[in-house]
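Structure record follows, encoded as structure tokens.
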Amino acid sequence: MDFTYNSKDKLKSKKGIEELFSGGKSVSTYPLRMIYIKNHNCNKIGVSVSKRNFKNAVHRNRIKRLLREAYRLNKNELLEAGITDYSIMILYNDKDFPDFKLINDKTKALFRKFITQTN
């Protein structure tokens, strides 16, 4: 099992992000929403938290770290299901500050929903 989150896993290109938001499909499990699109590389992931809901950058960055950690721990679920070659953006859509248990549980549920929708 590979529990890493390297730079090759990160969705960083502006073009890739624009393609994702313009032509991607979505699946959600409140308070998380995943936008995804098929690409020709390995799985690339990005995370985002609304500035409207969290004014302080410290809080936004903390939630983004929690989202990345939940992905890192649960990405094997996607790989075991044969989900490769996707660009994914995970958005946090709540005004309340979450704890890691909530984020981790919702990420697992989101991945299961994503797997059933793509297969």
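The values are calculated or read from the model by the stated rules, or taken from the named source; none is laboratory data. Everything numeric here is computed off the predicted structure, so don't read it as measured data. Note that each Cβ is placed from the backbone with ideal geometry, even for glycine, and that neighbours are counted across all protein chains shown. Protein only, heavy atoms only, side chains kept; ligands, DNA and RNA dropped before computing areas. Shrake-Rupley method; radii C 1.70, N 1.55, O 1.52, S 1.80 Å.
Details
- Selection from the range 1-28 of residues that are in a helix (DSSP H, G or I), among the charged types (D, E, K, R) and surrounded by 13 or more Cβ atoms within 10 Å (Cβ to Cβ): 9, 19
- If the condition is being in contact (Cβ under 8 Å) with a residue 40 or more places away in the chain, open to solvent by 20 Å² or more (accessible area, probe 1.4 Å) and of a type in the set (A, V, I, L, M, F, W, C), then the range 55-78 contributes only 73.
- Top-ranked residue of the range 83-101 - restricted to ones that are over 15 Å from residue 61 (Cα atoms) and in contact (Cβ under 8 Å) with a residue 24 or more places away in the chain, ranked as surrounded by the most Cβ atoms within 10 Å (Cβ to Cβ): 88
- Every listed requirement among (1) modelled with pLDDT under 95; (2) out of contact with any Ser or Thr (no Cβ under 7 Å at 6 or more places or on another chain) is met by residue 42 save one, (2).
- Restricting the first member to the range 39-54 and to residues that are open to solvent by 40 Å² or more (accessible area, probe 1.4 Å), and the second to residues that are in a loop (DSSP other than H, G, I, E, B) and aliphatic (A, V, I, L, M), the beta-carbon pairs closer than 7 Å and six or more apart or on different chains are 44/11.
- Matching residues in the range 103-114 - criterion: being open to solvent by 30 Å² or more (accessible area, probe 1.4 Å) and either without any contact (Cβ under 8 Å) to a residue 40 or more places away in the chain or closer than 23 Å to residue 41 by Cα (or both): 105, 108, 112, 113
- Which listed residue, of 54, 3, is of a type in the set (Phe, Trp, Tyr) and either within 19 Å of residue 118 (Cα to Cα) or in contact with a Leu (Cβ under 9 Å, 6 or more places away or on another chain) (or both): 3
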